[in-house]
Amino acid sequence: MSKEQTPKAGRRLTLARRRFIKSAVGAAAGAGALGLGGRAPWHFVRGAYAQDAIGNFPVNGSTVVYGFNVPQTGSYADEGEDELRAYKLAVRHLNEGGGMLETLKPSALKGNGVLGKKVEFVTGDTQTDPDAARASARRMIERDKVIMYSGGSSSAVAIAQQYLAQEKGVIFMVGLSHSNDTTGKDRRRYGFRHFFNAYMSGQALGPILAKEYGTDRRAYHLTADYTWGHTQYESMKDSTERQGWTTVNNIMTPLGATDYSQFLTAVLNSDADVLVLNHYGQDMVNSLTQAVRFGMRDREVNGRQMEVVVPLYSRLMAKGAGAENIQGIFGTTDWNWHLDDEGSQAFNKAFEAEYDQPASQAAHTAYVQTILYSNAVETAGTFFPPEVIKALEDFECSGVGPGKMLYRACDHQAFHDILVVRGKAPDQMQNEFDLLETIEQIPGDTLVYDCAMMPGELGPYQPEA
């Protein structure tokens with residue numbers, strides 16, 4: 001872990017839908033509104049009570065430290081590297097202005113630090129491992145005195161850090177995490193997720209797959225064996241079966257696997273005519289390229305061309321797999337550098353100027369999380385965690401991507417537009433980064449679900465001693 005400073009150099013949610021999002025806790029949440037001993041929960045109003053020491057609050061001196069804990073090694077290291085680039089850029093903009101500080105609305109940020117304090121940061125390596133991530137985050141909190149930390153390209157890693165955040169009273173702005181559990185059964189008051197989830201991928205992708213490939217397909221799933229893979233499989237299975245598809249089988253594969261031959265052989269020995277790869281990062285690169293070598297995309301089954309689907313896509317993965325392998329393959333992404341809204345363009349323009357390449361979805365969510373936390377601090381007028389949390393809950397804004405974004409209070413899940421994409425053929429690419437074609441932009445208000453559908457408890461505003 002090292003301490004660093006900055007580098008040198010759609011569609012809106014309707015009002016009616018927004019009201020539904022805010023009230024979608026349902027009867028279960030109403031029952032859970034009582035705290036210990038049946039008392040009503042704390043409701044914090046700025047300046048209405050004494051601000052006790054929580055986590056690393058109060059912040060003394062002229063600087064404040066953020067922590068960025070990303071996979072610098074392991075299966076998701078490419079994503080972590082791009083997240084770290086974005087975090088550094090966000091800190092630069094917080095201290096000097098620029099980027100989304102010019103597009104975020106409403107915004108209390110001024111480009112002179114946060115509450116007048118210069119932002120510094122430390123970094124750590126999660127190693128794409130929950131235990132390593134938790135140990136690294138603990139060092140940031142206890143040794144480096146971070147007031148907030150962010151990161152993670154694995155949902156298991158994110159969930160481990162989110163539990164630690166609740167224990168320590170230090171807000172965790174979740175990086176790339178796609179498991180339903182992150183803001184479902186494992187949600188915590190001190191964790192917030194901007195990235196979309198597996199349920200949303202299924203809802204967005206299922207109807208388009210049925211339209212493109214028909215309603216009587218037979219799908220075989222290969223699934224990463226951890227929290228994200230499990231919820232991604234269940235979400236895709238549910239969505240495609242509601243379109244009329246049949247699920248032939250599912251095999252759980254170990255995270256970090258390099259040889260998928262035994263799993264692909266099982267697919268070839270079945271009557272499945274669609275292969276669904278619930279893999280991410282280098283795992284997806286390995287499984288997809290091996291599937292192509294096995295002749296999956298040249299095969300006919302049941303009189304139909306066999307198809308491959310990658311539910312969670314990224315430009316970095318597409319580049320790793322190669323344009324010749326990803327062409328025509330459908331998936332979903334949280335964001336793409338081609339988007340033309342002012343927030344996306346302001347961010348990507350600054351990113352390209354700094355790093356000579358467009359940003360990935362991992363970089364985008366990392367950047368946005370840093371900006372949103374900082375804006376909440378300025379809005380609250382304090383780093384005191386309970387007030388910052390309240391400033392984030394039900395916060396609605398524009399200027400961080402296409403359309404409106406809302407941070408739902410009942411589970412700390414963000415809702416915003418997402419994309420269904422398809423891999424481009426090599427002769428369609430304008431440059432080496434132009435790998436994904438947007439097929440449809442899915443409005444965030446069509447992806448809303450009742451908060452009680454994924455039950456969980458956020459926990460208290462004041463962490464228990």
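The values are calculated or read from the model by the stated rules, or taken from the named source; none is laboratory data. Keep in mind the model is a prediction, meaning the values are calculated, not measured. So basically every Cβ, Gly included, is an ideal-geometry build from the backbone, and we count neighbours across all protein chains shown.
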*Unmet criterion (only one of (1) modelled with pLDDT of 95 or more; (2) more than 23 Å from MET173 (Cβ to Cβ)) for ALA27*: (1)
_Checking the conditions here, which among LEU84, LEU94 is under 30 Å from VAL420 (Cβ atoms), part of a helix (DSSP H, G or I), modelled with pLDDT of 50 or more and assigned by TED's automatic domain parsing to the domain that holds GLN161?_
LEU84
*Scan (1) in contact with a helix residue (DSSP H, G or I) (Cβ under 6 Å, 6 or more places away or on another chain); (2) within 26 Å of GLY169 (Cα to Cα); (3) assigned to a helix (DSSP H, G or I) for the single condition ASP445 breaks and write down its number.*
(2)
*Is it true that some residue in the stretch 278-288 is among the small types (Gly, Ala, Ser), in a helix (DSSP H, G or I) and within 25 Å of the chain's Cα centre (by Cα)?*
yes
*Out of the stretch 111-153, which residues are within 20 Å of the chain's Cα centre (by Cα) and of a type in the set (Phe, Trp, Tyr)?*
TYR149
*asked:* Take the conditions surrounded by 15 or more Cβ atoms within 10 Å (Cβ to Cβ) and either in contact with an Asp or Glu (Cβ under 9 Å, 6 or more places away or on another chain) or among the hydroxyl-bearing types (Ser, Thr, Tyr) (or both) and apply them to LEU275. Does it pass?
replied: yes
*For the subset of the stretch 161-177 comprising residues that are over 15 Å from the mean Cα position of the chain (by Cα) and under 23 Å from ASN197 (Cα atoms), which member is surrounded by the fewest Cβ atoms within 10 Å (Cβ to Cβ)?*
TYR163
_Checking the structure you have, find out if any residue of the stretch 426-438 is under 21 Å from MET200 (Cα atoms) and of a type in the set (Asp, Glu)._
yes
*State all residues of the stretch 248-283 that are of a type in the set (A, V, I, L, M, F, W, C) and in contact with a strand residue (DSSP E or B) (Cβ under 6 Å, 6 or more places away or on another chain); if no residue qualifies, say none.*
VAL248, ILE251, MET252, LEU255, PHE263, VAL267, ALA272, VAL274, LEU275, VAL276, LEU277
*Six or more apart or on different chains, Cβ under 7 Å: which pairs go from a residue in the stretch 443-460 that's in the same structural domain as GLN162 (by TED's automatic domain parsing) to one that's of a type in the set (Lys, Arg) and modelled with pLDDT of 95 or more? Could you list them?*
none
_In the stretch 74-93, the residues that are farther than 20 Å from ASP144 by Cβ, over 17 Å from the mean Cα position of the chain (by Cα) and not hydrophobic (A, V, I, L, M, F, W, C)_ = GLY74, HIS93
*Here are ARG242, ARG297: which of them is closer than 26 Å to PHE195 by Cα, of a type in the set (Lys, Arg) and touching a helix residue (DSSP H, G or I) at 6+ places or on another chain (Cβ under 9 Å)?*
ARG242
*Does the stretch 396-416 contain any residue that is at pLDDT 95 or above and of a type in the set (Phe, Trp, Tyr)?*
yes
_Can you pull out every residue in the stretch 333-369 that is assigned to a loop (DSSP other than H, G, I, E, B) and of a type in the set (Gly, Ala, Ser)?_
ALA359, SER360
*Of all residues in the stretch 370-394, count the ones that are part of a loop (DSSP other than H, G, I, E, B) and touching a Ser or Thr at 6+ places or on another chain (Cβ under 8 Å).*
0
*Conditions: (1) touching an Asp or Glu at 6+ places or on another chain (Cβ under 6 Å); (2) surrounded by 17 or more Cβ atoms within 10 Å (Cβ to Cβ); (3) of a type in the set (Lys, Arg). ARG297 meets all but one. Number of the miss?*
(1)
*State whether one or more residues within the stretch 441-449 are among the charged types (D, E, K, R) and crowded, with 21+ Cβ neighbours inside 10 Å.*
yes
*Got a sec? Which of ALA359, ALA353, ALA380 is surrounded by fewer than 24 Cβ atoms within 10 Å (Cβ to Cβ), in contact with an Asp or Glu (Cβ under 9 Å, 6 or more places away or on another chain) and assigned by TED's automatic domain parsing to the domain that holds GLY151?*
ALA380
